[in-house]
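Trainee: Please find one structure pasted underneath; my questions will follow.
The values are calculated or read from the model by the stated rules, or taken from the named source; none is laboratory data. Please read these numbers as outputs of a predicted model, since none were measured by experiment. Note that we place each Cβ from the backbone using ideal geometry, even for glycine, and neighbour counts take in every protein chain shown.
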Amino acid sequence: MRQLHVFFLPLMAHGHMIPAMDMAKLFSSRGLKATIISTPAFSEPVKKAQHSGFKIELITIGFPHRDSGLPDHIVSLDQVTSDPKLLPMFFKALSLIQQPVEDLIQRLNPDCLVSDMFLPWTADSAATFGIPRLVFHGTSYFSLCVSEEMRRHKPFNDVVSDSEPFLIPNLPHQVKLLKTQVSDYNLHENKDDFSRWIQQMRESDARSYGVVINSFHDLEPDYARHYTHVLERKAWSLGPLSLCTNEIDGAKHQCLAWLDSKKKPNSVVYVCFGSMAKFTPAQLNELANGLDASGQDFIWIVRSGGDEEWLPERFEERMEGRGLVVRGWAPQRAILDHPAVGAFVTHCGWNSTLEGVCAGLPMVTWPLFAEQFFNEKLVTEVLRIGVPVGNKKWQRGANEGVSREAVARAVRGVMVGGGAAEMRRRAADSKEKARKAVAEGGSSYEDLTALIQDIATYVPPKKMVCSFKSD
Ligand code: UDP
């Protein structure tokens, strides 16, 4: 069989780029040619992977700042999520890269596009060139099912108050949410630029060949089935992608040495909220006090907060030996895999959630925005490997509202509470299943085999055939 060539088009955001890179590495390890198309700001991690011996190609295209009106320093979605002025410019910039990408498709003739969901126009590009487009949402089956059932049935219209939970219909489990835990774009379809963009994404999904999912069958079998059989989507589970690449990041970071000094297994709580979360200073202060009150050892990664005023007085000094505050970017996967780490306080971003599963860790769930409140339900009520901190408010920036008592209660609950041992056992079970899924002959391994076959034998619908494609 000739070598298949796949273009990966990730969104410019850490949480999207990381799994897309992993997927490219995975495809390449199975003999395909994988090319990542991205902007200069995201070329570093790809170059690093190339340096470590991964055979992935990189093509950079300029991010059209001038034509979109976007300031030059904005290079990633992480920087604009809570800014209503910049967000539409960012989307404009994303739509302006259609032409350069199509020029590349014409020149290099790939056999398939794996596109981030935030690039809906790639459905048109794929159709123009008669190649399949695979969408990557970067989330769980569970959250895709919740979101789609909500869109179809609008169960939130049945409740009169924000404090009244509504049931998501048709799902295999009884899942209830509050209106305040759901995004505007889930509640109102045509409200603003962002919800219109989401609408375009949904429409482009329907015009795609299928969906690639960073999950594995045994993690959420009911929802994999619901998605493919009830919602009738074509999907391949390829995850956990973080396990497919065997690359441990940042092996020399200071916090790993700190963890090495902790000899008791499962004794440290790791606290991190991904790449985009923003808390108010008051909330950071409350979180610090909650960690203190929990009595547990911890590593806390802080990405927002600016100056130090939000820390309680002499906090780091008082916590010395017990708690470590790390500012900036941490080697999360290596931390989660460290034997001293015993639980994960997470915002339920899907990459983090799945990395927690892969490390066999019970979690404290503290969702903030995006589809994180859905993932929380999967962790706490379906998988039953987590304790919710009790956040009730969906918010992109300036998050607050969780008390120190709630933090301390949830952290103690997951570490030493009544159900903690059972949760830890279930989490360990999921970890083992995750490894089996990606091993040769496992469900994700076989799904990729089937997908490669599907790409190799793809025949475009008649009207899609394009004169550019030579073979
Ligand atoms: N991450 C990391 N170090 C950090 C913060 C985040 O390595 O200090 C990684 C984390 O391991 C995960 C990704 O960044 O792979 C975050 O993705 P997720 O979907 O959890 O959240 P998002 O950042 O998209 O909100």
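Trainee: Which of the following residues is among the aliphatic types (A, V, I, L, M) and more than 23 Å from residue 355 (Cβ to Cβ): 455, 385?
Mentor: The conditions single out 455.
Trainee: Take the conditions in a helix (DSSP H, G or I), closer than 30 Å to residue 274 by Cα and not charged (D, E, K, R) and apply them to residue 88. Does it pass?
Mentor: So residue 88 fits the description; yes.
Trainee: Residues of the stretch 268-299 being surrounded by fewer than 17 Cβ atoms within 10 Å (Cβ to Cβ) and part of a loop (DSSP other than H, G, I, E, B), which ones?
Mentor: The answer is 280, 295.
Trainee: If you scan the stretch 443-457, which residues turn out to be touching a Gly at 6+ places or on another chain (Cβ under 9 Å) and of a type outside the set (Asp, Glu)?
Mentor: If the condition is that a residue be touching a Gly at 6+ places or on another chain (Cβ under 9 Å) and of a type outside the set (Asp, Glu), then 444, 451, 452 are the ones that fit.
Trainee: So, in the stretch 404-454, exactly how many residues are touching a helix residue (DSSP H, G or I) at 6+ places or on another chain (Cβ under 7 Å), among the basic types (Lys, Arg) and closer than 17 Å to residue 269 by Cα?
Mentor: The qualifying residues number 2.
Trainee: Name the one entry in 410, 427, 343 that is surrounded by 23 or more Cβ atoms within 10 Å (Cβ to Cβ), farther than 28 Å from residue 167 by Cα and in contact (Cβ under 8 Å) with a residue 12 or more places away in the chain.
Mentor: None of the others qualify; the one that does is 343.
Trainee: On to the next question. What number goes with the only condition from (1) near the ligand (Cβ under 8 Å from one of its atoms); (2) touching an Asp or Glu at 6+ places or on another chain (Cβ under 9 Å) that residue 372 does not pass?
Mentor: So the condition that residue 372 fails would be (2).
The rows are residues; the columns are (1) under 21 Å from residue 20 (Cα atoms); (2) touching a residue at least 12 places away in the same chain (Cβ under 8 Å); (3) in contact with a Ser or Thr (Cβ under 9 Å, 6 or more places away or on another chain).
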| position | (1), (2), (3) |
| --- | --- |
| 212 | yes, yes, yes |
| 215 | yes, yes, yes |
| 239 | yes, yes, yes |
| 265 | no, yes, no |
| 284 | no, yes, yes |
| 300 | no, yes, no |
| 321 | no, no, yes |
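Trainee: Can you tell me which residue is nearest to residue 186 (Cα to Cα) among those in the stretch 391-418 that are assigned to a loop (DSSP other than H, G, I, E, B) and polar (S, T, N, Q)?
Mentor: 395
Trainee: So which residues in the stretch 76-128 are of a type in the set (Lys, Arg) and at pLDDT 95 or above?
Mentor: Selection gives 107 alone.
Trainee: Just the residues that are farther than 17 Å from residue 75 by Cα and surrounded by 23 or more Cβ atoms within 10 Å (Cβ to Cβ), please, taken from the stretch 33-55.
Mentor: 34
Trainee: Another one. Which residue is farthest from the ligand (Cβ to nearest atom), if the candidates are limited to the stretch 310-327 and must be in contact with a strand residue (DSSP E or B) (Cβ under 8 Å, 6 or more places away or on another chain) and not in a helix (DSSP H, G or I)?
Mentor: Selected residue: 322.
Trainee: Considering only residues of the stretch 328-356 that are more than 14 Å from the ligand (Cβ to nearest atom) and assigned to a strand (DSSP E or B), which is nearest to residue 410 (Cα to Cα)?
Mentor: If we take residues in the stretch 328-356 being more than 14 Å from the ligand (Cβ to nearest atom) and assigned to a strand (DSSP E or B), then 343 is nearest to residue 410 (Cα to Cα).
Trainee: Would you confirm whether any residue within the stretch 270-280 is within 13 Å of the ligand (Cβ to nearest atom), more than 21 Å from the chain's Cα centre (by Cα) and within 23 Å of residue 347 (Cα to Cα)?
Mentor: No, because not a single residue in the stretch 270-280 is within 13 Å of the ligand (Cβ to nearest atom), more than 21 Å from the chain's Cα centre (by Cα) and within 23 Å of residue 347 (Cα to Cα).
Trainee: So, one more: Please go through the stretch 221-245 and pick out each residue that is part of a loop (DSSP other than H, G, I, E, B), away from the ligand (no atom under 15 Å from the Cβ) and surrounded by fewer than 24 Cβ atoms within 10 Å (Cβ to Cβ).
Mentor: Matches in the stretch 221-245: 231, 232, 233, 234.
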